[in-house]
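The values are calculated or read from the model by the stated rules, or taken from the named source; none is laboratory data. In this text, all values refer to a predicted model and were calculated from it rather than measured experimentally. Methodologically, a virtual Cβ is constructed for each residue, glycine included, from the backbone with ideal geometry; neighbour enumeration extends over all protein chains shown.
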């Protein structure tokens, strides 16, 4: 790392979203990389220091599907990525690595950079490097790992990358010192007023490719074009399987309603966005704030549809909140219920009142909001009775849709620790950490058995929902929600996706 900067020369920074490697049954989905866009916006504030460009290898190569070893390479090919790196010839490259299953691709990008020019600084951030920074730094193609929120850390690193003593003082950073020893500094304090963070630098991205993609966020959309955004950071809960705290921490930090709706309005006016996907972990945690966001959307007369693909805390909702959400354009809510078995809920450390859940689902259905439940199976001590209880609850709760994910021991989660202590991790590889296929055996099931169970749960749930079509009462209130072509197309696309998953 001996880059010699000329006087007044801006440092050229390239931010890269690597291509993805998917299983054949995984849904190919184009999702705007909000994390990189926030980093880009912060770098742009330092306009006299940095010349920033981005490369999202997924969206730019979304029509590429290269099958190797029964896996799909989704995105630009490696020669194309190398050409783009050469063309910009950056001084520093920041690589996003949100998912552990994609860490090999992130490291492959780092290798391309260093093979082109070993003096280019390579930084890596996201959930995976934040969880296992030492492991990432053992790969000598990576110079720095950014732990947690990166907006402030990356600027300090790029300002001081040649000064080892100053690097030791930068919180939220991992690096190798002059003796090649790995150093992981203390955690950085989280940004408290996140209204101060500049909005994602969408103008640096090929927005037309996201807005016009046929793979935007999967297929279950009401309108197009769509955009994703987050209105808060941090989660105060302590679910055994969740790794979100490695990036955002445990303290809930919401944006103000005005700040949130300012971004919605900008997306509608600047990019013609007609649907918003709130990617928050806790959009509705503060009841009054949720209502204020809805009122502000209505006040400004923004014609928008919106949904919550990451899920919302169902226990934070009531009839009044749901009513305001519906008026403000909410058409579908995803609920993180996780299990229909009380014993499994206790293990998860997420005890959701079953009766209240049913009540909220009923209220949402009556208001014309489509309901989608998220469930997880395959916890280390879970048996077939627990899994059957989850299916029964999903059906009886009258959810419109349900997804059954597989418990996945992400690094730095308590679930990983528990599975490791019980000898269940075995020869786990990060590439196997996927919610659509079992990554490990449990006390009661093999990986193959769990994957088959997951498929059967999908099929059984769909079967019971089809039976509902013969129940005049159930059929009538679902038909009431189909008031436009948008509604009909949405249902058609959603069930088409279901068939793809279980096929």
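I need the full set of residues from the stretch 414-446 which are free of Cβ contacts under 8 Å to residues at least 60 places away in the same chain and touching a strand residue (DSSP E or B) at 6+ places or on another chain (Cβ under 8 Å), in order please.
Of all residues in the stretch 414-446, those free of Cβ contacts under 8 Å to residues at least 60 places away in the same chain come to 416-417, 419-429, 435, 439-441, 446.
Passing the criteria: 435, 439.
Only one of (1) surrounded by fewer than 18 Cβ atoms within 10 Å (Cβ to Cβ); (2) more than 20 Å from residue 247 (Cβ to Cβ); (3) without any contact (Cβ under 8 Å) to a residue 40 or more places away in the chain is not met by residue 196, so which one is it?
Of (1) surrounded by fewer than 18 Cβ atoms within 10 Å (Cβ to Cβ); (2) more than 20 Å from residue 247 (Cβ to Cβ); (3) without any contact (Cβ under 8 Å) to a residue 40 or more places away in the chain, only one is false for residue 196: (2).
Could you tell me whether residue 209 is touching a residue at least 40 places away in the same chain (Cβ under 8 Å), surrounded by fewer than 19 Cβ atoms within 10 Å (Cβ to Cβ) and either under 16 Å from the mean Cα position of the chain (by Cα) or part of a helix (DSSP H, G or I) (or both)?
Criteria met by residue 209.
Among residues belonging to the stretch 31-52 that are closer than 17 Å to residue 19 by Cα and in contact with a strand residue (DSSP E or B) (Cβ under 7 Å, 6 or more places away or on another chain), point out the one that is surrounded by the fewest Cβ atoms within 10 Å (Cβ to Cβ).
34
Answer yes if at least one residue in the stretch 54-77 is within 30 Å of residue 156 (Cα to Cα), at pLDDT 95 or above and either more than 20 Å from the chain's Cα centre (by Cα) or surrounded by fewer than 18 Cβ atoms within 10 Å (Cβ to Cβ) (or both), and no otherwise.
Scanning the stretch 54-77, I find no residue that is within 30 Å of residue 156 (Cα to Cα), at pLDDT 95 or above and either more than 20 Å from the chain's Cα centre (by Cα) or surrounded by fewer than 18 Cβ atoms within 10 Å (Cβ to Cβ) (or both), so the answer is no.
Go through the stretch 168-186 and report how many residues are surrounded by 15 or more Cβ atoms within 10 Å (Cβ to Cβ) and in a loop (DSSP other than H, G, I, E, B).
3
Could you go through the stretch 388-407 and let me know if any residue there is touching a residue at least 12 places away in the same chain (Cβ under 8 Å) and farther than 30 Å from residue 492 by Cα.
Within the stretch 388-407, none of the residues are touching a residue at least 12 places away in the same chain (Cβ under 8 Å) and farther than 30 Å from residue 492 by Cα.
Give 154, 146 a once-over and let me know the one that is closer than 27 Å to residue 233 by Cα and touching a residue at least 60 places away in the same chain (Cβ under 8 Å).
Numbers: 146 fails: touching a residue at least 60 places away in the same chain (Cβ under 8 Å).
When all the criteria are applied, what remains is 154.
For the stretch 78-167, give me every one of the helices (runs of 4 or more DSSP H) that falls completely inside it and has 2 or more residues that are in contact with a strand residue (DSSP E or B) (Cβ under 8 Å, 6 or more places away or on another chain).
78-88, 103-116, 127-131, 133-137, 151-160
Does the stretch 454-463 contain any residue that is over 28 Å from the mean Cα position of the chain (by Cα), closer than 27 Å to residue 24 by Cα and either assigned to a helix (DSSP H, G or I) or not assigned by TED's automatic domain parsing to the domain that holds residue 25 (or both)?
So in the stretch 454-463, the residues over 28 Å from the mean Cα position of the chain (by Cα) come out as 463.
Then keep just the ones that are closer than 27 Å to residue 24 by Cα; that gives 463.
With the extra rule that they be either assigned to a helix (DSSP H, G or I) or not assigned by TED's automatic domain parsing to the domain that holds residue 25 (or both), the set shrinks to 463.
Yes, because at least one residue in the stretch 454-463 is over 28 Å from the mean Cα position of the chain (by Cα), closer than 27 Å to residue 24 by Cα and either assigned to a helix (DSSP H, G or I) or not assigned by TED's automatic domain parsing to the domain that holds residue 25 (or both).
Residue-by-condition table, conditions (1) closer than 29 Å to residue 32 by Cβ; (2) assigned to a helix (DSSP H, G or I); (3) assigned by TED's automatic domain parsing to the domain that holds residue 488:
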site	(1), (2), (3)
294	yes, yes, yes
325	yes, yes, yes
331	yes, no, yes
337	yes, no, yes
363	no, yes, yes
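For residue 48, state whether it is closer than 20 Å to residue 215 by Cα, assigned by TED's automatic domain parsing to the domain that holds residue 118 and part of a loop (DSSP other than H, G, I, E, B).
Working: closer than 20 Å to residue 215 by Cα: no; assigned by TED's automatic domain parsing to the domain that holds residue 118: yes; part of a loop (DSSP other than H, G, I, E, B): yes.
It is false that residue 48 is closer than 20 Å to residue 215 by Cα, assigned by TED's automatic domain parsing to the domain that holds residue 118 and part of a loop (DSSP other than H, G, I, E, B).
What number of residues within the stretch 310-357 satisfy the criterion of being closer than 30 Å to residue 268 by Cα and either at pLDDT 95 or above or buried (at least 17 other Cβ atoms within 10 Å of the Cβ) (or both)? Show your work before the answer.
At the first step, the residues of the stretch 310-357 found to be closer than 30 Å to residue 268 by Cα are 310-314, 316-336.
With either at pLDDT 95 or above or buried (at least 17 other Cβ atoms within 10 Å of the Cβ) (or both) added as a condition, the list becomes 310-314, 317-336.
The number of residues fulfilling the criteria is 25.
Looking at residue 241, is it assigned to a loop (DSSP other than H, G, I, E, B) and either surrounded by fewer than 18 Cβ atoms within 10 Å (Cβ to Cβ) or under 13 Å from the mean Cα position of the chain (by Cα) (or both)? Let's see the steps before the verdict.
Details: assigned to a loop (DSSP other than H, G, I, E, B): yes; either surrounded by fewer than 18 Cβ atoms within 10 Å (Cβ to Cβ) or under 13 Å from the mean Cα position of the chain (by Cα) (or both): no.
Criteria not met by residue 241.
Report every pair of residues separated by at least 6 positions or lying on different chains whose Cβ atoms are under 8 Å apart, first residue within the stretch 82-108 and on the phi > 0 side of the Ramachandran plot, second surrounded by fewer than 21 Cβ atoms within 10 Å (Cβ to Cβ).
89/12; 89/117
For the stretch 247-258, what are the residues that are buried (at least 21 other Cβ atoms within 10 Å of the Cβ) and out of contact with any strand residue (DSSP E or B) (no Cβ under 7 Å at 6 or more places or on another chain)?
Our first condition is that a residue be buried (at least 21 other Cβ atoms within 10 Å of the Cβ); within the stretch 247-258, this holds for 247-248, 254-255.
Scanning the stretch 247-258 gives a single hit, 247.
For the stretch 223-234, does any single residue satisfy the condition of being assigned to a helix (DSSP H, G or I) and in the same structural domain as residue 309 (by TED's automatic domain parsing)?
To start, the set of residues in the stretch 223-234 that are assigned to a helix (DSSP H, G or I) comprises none.
Taking every residue of the stretch 223-234 in turn, none turns out to be assigned to a helix (DSSP H, G or I) and in the same structural domain as residue 309 (by TED's automatic domain parsing).
Within the bounds of the stretch 244-262, is there any residue that is modelled with pLDDT under 95, assigned to a loop (DSSP other than H, G, I, E, B) and touching a helix residue (DSSP H, G or I) at 6+ places or on another chain (Cβ under 8 Å)?
Within the stretch 244-262, one or more residues are modelled with pLDDT under 95, assigned to a loop (DSSP other than H, G, I, E, B) and touching a helix residue (DSSP H, G or I) at 6+ places or on another chain (Cβ under 8 Å).
Mind checking which residues of the stretch 425-451 are surrounded by fewer than 19 Cβ atoms within 10 Å (Cβ to Cβ) and over 25 Å from the mean Cα position of the chain (by Cα)?
426, 427, 443, 444, 446, 448, 449
Does residue 13 satisfy the criteria of being buried (at least 16 other Cβ atoms within 10 Å of the Cβ), touching a strand residue (DSSP E or B) at 6+ places or on another chain (Cβ under 8 Å) and not in a helix (DSSP H, G or I)? Spell out the reasoning first.
Values: buried (at least 16 other Cβ atoms within 10 Å of the Cβ): yes; touching a strand residue (DSSP E or B) at 6+ places or on another chain (Cβ under 8 Å): yes; not in a helix (DSSP H, G or I): yes.
Yes, satisfied.
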